[in-house]
1. Would you check which residues across region 168-184 are touching a helix residue (DSSP H, G or I) at 6+ places or on another chain (Cβ under 6 Å) and crowded, with 19+ Cβ neighbours inside 10 Å and list them?
2. ALA159 versus (1) away from the ligand (no atom under 16 Å from the Cβ); (2) in a strand (DSSP E or B): which is the lone unmet condition?
3. So ASP234 passes all but one of these: (1) without any contact (Cβ under 8 Å) to a residue 24 or more places away in the chain; (2) open to solvent by 60 Å² or more (accessible area, probe 1.4 Å). Which condition number does it fail?
4. Restricting the search to region 120-141, which residues are of a type outside the set (Asp, Glu), open to solvent by 20 Å² or more (accessible area, probe 1.4 Å) and in contact with a strand residue (DSSP E or B) (Cβ under 8 Å, 6 or more places away or on another chain)?
5. Give me the pairs: first residue in region 76-104 and closer than 23 Å to THR50 by Cβ and open to solvent by 30 Å² or more (accessible area, probe 1.4 Å), second residue in a helix (DSSP H, G or I) and polar (S, T, N, Q), beta-carbon distance under 8 Å, and six or more apart or on different chains, which are they?
6. Quick one: which residue in ASP47, ASP66, ASP76 is modelled with pLDDT of 95 or more, under 18 Å from the mean Cα position of the chain (by Cα) and of a type in the set (D, E, K, R)?
7. Based on this model, can you work out whether VAL123 counts as touching a residue at least 40 places away in the same chain (Cβ under 8 Å), on the phi < 0 side of the Ramachandran plot and not aromatic (Phe, Trp, Tyr)?
8. Residues that are among the acidic types (Asp, Glu) and in contact with an Asp or Glu (Cβ under 8 Å, 6 or more places away or on another chain): find the strands (runs of 3 or more DSSP E) completely inside region 165-240 holding 1 or more of those.
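The values are calculated or read from the model by the stated rules, or taken from the named source; none is laboratory data. Nothing here was measured: the structure is a model prediction, and the numbers come from that model. Cβ placement follows ideal geometry from the backbone for every residue including glycine, while neighbour counts extend to all protein chains displayed. SASA here: full protein model, heavy atoms, side chains in, ligands and nucleic acids out. Shrake-Rupley method; radii C 1.70, N 1.55, O 1.52, S 1.80 Å.
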Amino acid sequence: MGTAGARFMVAKQIAASGGLFIEEGNTRISLDPGPGAIVAYAARKVDLTTLDAIVLSHRHLDHSSDVNVMIEAMTDGGFSHRGVLLCPSDALDDDPVVLKYVRRFPREIIRLAATTSYTVNDVAFTTSGRHVHQHETYGFRFGEKLGWITDSGYYDGIADEHKADVMVIHTVLEHCRPELPHLCIADAERIVREAKPRLAILTHYGMAVWRANPTEIAADLTQRIGTDVQAARDGMSIEL
Ligand SMILES: [Zn+2]
């Protein structure tokens with residue numbers, strides 16, 4: 001539903017910023033519904049009254065801004081008591097991004113914890129350890145199929161904690177900047193070399209990555225590592 005990451009890409013909507021959408025059998029999960037997610041879902045004709053869960057990796061705006069309207073949509077305007085919200089505690093407590101009046105709409109609100117397993121219908125997933133980031137942030141591993149490395153600075157074990165057949169990696173930075181808790185292209189390379197997925201997908205681009213052309217960056221990584229690395233595009237869909 002979108003590939004933009006961080007403030008400038010999102011503010012200018014150079015790419016969309018609606019996060020990821022997972023469908024498995026009859027289960028549908030919205031991951032990180034950032035600015036414009038509701039518009040992206042409508043444009044792709046996803047019936048949000050059939051959504052089963054909304055997952056926030058963390059409270060930053062580019063991951064969470066549409067969570068309230070998505071909860072309303074999932075619960076048919078609050079009239080249908082259904083669906084689950086899973087998010088870190090700090091999305092709910094101090095300066096919450098989930099409004100209090102919508103919290104009675106979903107069937108359940110689950111506070112995510114590190115290295116814990118959850119299920120939504122038939123879809124099981126596990127959180128990573130807490131990411132190196134400004135707020136409480138987790139990455140996710142959907143069994144052997146999908147690893148989703150959300151915002152984080154690089155840390156030892158990040159590759160292993162998200163290791164899967166297909167790995168989606170948030171690469172906000174082109175060049176590494178130790179003072180910023182985000183992955184750069186060299187970090188992504190290190191992760192891919194270590195975890196050896198069948199396919200790695202770069203997404204959540206910051207402005208410098210965008211200007212450097214994600215498709216060319218991915219092609220270069222593919223050639224050098226020997227693992228298929230692709231650059232996500234808005235609306236991209238893959239079979240797992
Ligand atoms: Zn963030």
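1. ILE169, THR171, VAL172, GLU174, listed by residue number.
2. Condition (2) is where ALA159 drops out.
3. For ASP234, the failing item is (1).
4. Listed by number, the residues that qualify are ASN121, ALA124, THR126, ARG130, VAL132, HIS133, ARG141.
5. ASP76/THR49; SER80/THR49; LEU99/ASN68
6. The conditions single out ASP66.
7. Taking the combined requirement at face value, the residue satisfies it.
8. No strands (runs of 3 or more DSSP E) qualify here.
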